[in-house]
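> This is the structure I have questions about; it appears just below.
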Amino acid sequence: MSQVNSSNSSNQPENPDVDTVRAALVRSLIHGRYMVVDCFEEGNVTSFVTTRLGGMSRAPYDSFNLALHVGDDPVQVSQNRLQMRSDFGLAQICFMEQTHSNRVQIVDAHNRSQDTFECDGLVTREQGVGLAVMTADCLPLLLCDQAERVIAAVHCGWRGLAQGIVENAVAAMESIGAQRSRIDAYLGPAIGPNSFEVGAEVRDAFLAQSPDNALCFRPEHCLDKQQHEQVLASLSAGSLALGAMAFSRISDSPDEACAVGKQVHAPAGQGAASAQAVELATQNVAGKYWCDIFGLTVLALRRAGASDIIFGGRYDTFMQHSVFYSHRRANPTGRIASVICLNRD
């Protein structure tokens, strides 16, 4: 991946507002380690996101690293995983050997004892089986049809998103009983739209998937948010209205609202982006772009026919690297886990 803008370099002094938000977030953590995901309240679901705090791993993996593939001491990683299961009383958590693909695996009675699956999405209706997605800038997506009690954990890196990992996960959920329009979503911590610099080849991959995806790429030289929002303002009255989503949810300094527990993104409308808006968003010079991976995931959920109410999307791993791991900030580094589990009756 390309280098980040020098203004975001890790040797720059922290913004005091970032420190304030970080302090509030840390005070809210369960056991000093976890953010509880409370948006799946009606489905008898346990769901949480880990941080990098409160574990056994030593630098540069300090300290609650849950990944075995990043070079950390496997004994310490195992201790961290045991701690996570103990803290939530989970007898089993299924992990993924994530490969940035669009492959989704259904966990059922035949394979539920398996610890690791080679895929980027796990789906189940088995009770007592946790599904985990590990990330350090990519977007962890948790899905739940609370009525039918079908859940999923999805690894949304840009390659998997461009290949349809979200659409495949929703289809897999439907295949075991979920109804698409009832699938709620939680967008976990990921690199924010003012931190994720990509090349033209990434944008081209998403434009090949859908022209609407152009609205999630801001040219690098277009540093003025107001200028870019004027481009997005050309959307027709019934369009997706991504402008507010792209910039109010995560700002250059993490949004103060990220210190609040549950957050909801309610789409402003349905329909496709206007041809004029897409043209304006793509006619800038080729080169580097700021990419909104949250927006791309929302668009994928809409294409898949999932619920219009989407939770989360408040945390920028790059900006909040003292709480979350960020591969772009430091490599090697650890991985957080976003976990969802159907509780036993």
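The values are calculated or read from the model by the stated rules, or taken from the named source; none is laboratory data. If you're wondering where the values come from, they're calculated on a predicted model, not measured in any experiment. Backbone-built Cβ (ideal geometry, glycine too); neighbour counts: all protein chains shown.
> Go through the stretch 172-200 and give me each residue that's modelled with pLDDT of 95 or more and in a helix (DSSP H, G or I).
Those that are modelled with pLDDT of 95 or more and in a helix (DSSP H, G or I): ALA172, MET173, GLU174, SER175, ARG180, SER181, ARG182.
> Out of curiosity, is ASP87 touching a Gly at 6+ places or on another chain (Cβ under 7 Å) and either small (Gly, Ala, Ser) or in contact (Cβ under 8 Å) with a residue 12 or more places away in the chain (or both)?
no
> Here's something else I'd like to know. Mind listing just one residue for me: the one in the stretch 38-89 that is modelled with pLDDT of 95 or more and among the charged types (D, E, K, R) and, of those, surrounded by the most Cβ atoms within 10 Å (Cβ to Cβ)?
ARG52
> Right, here's the next one. Please state which one of ALA246, ALA169 is at pLDDT 95 or above and surrounded by 20 or more Cβ atoms within 10 Å (Cβ to Cβ).
ALA169
> Here is a follow-up. For ARG159, which of the numbered conditions (1) at pLDDT 95 or above; (2) part of a loop (DSSP other than H, G, I, E, B); (3) surrounded by fewer than 19 Cβ atoms within 10 Å (Cβ to Cβ); (4) out of contact with any strand residue (DSSP E or B) (no Cβ under 6 Å at 6 or more places or on another chain) fails to hold?
Only one criterion is unmet by ARG159, namely (2).
> Further question on the same structure: For residues that are of a type in the set (Asp, Glu) and under 16 Å from ILE310 (Cβ atoms), tally how many sit in the stretch 34-56.
2
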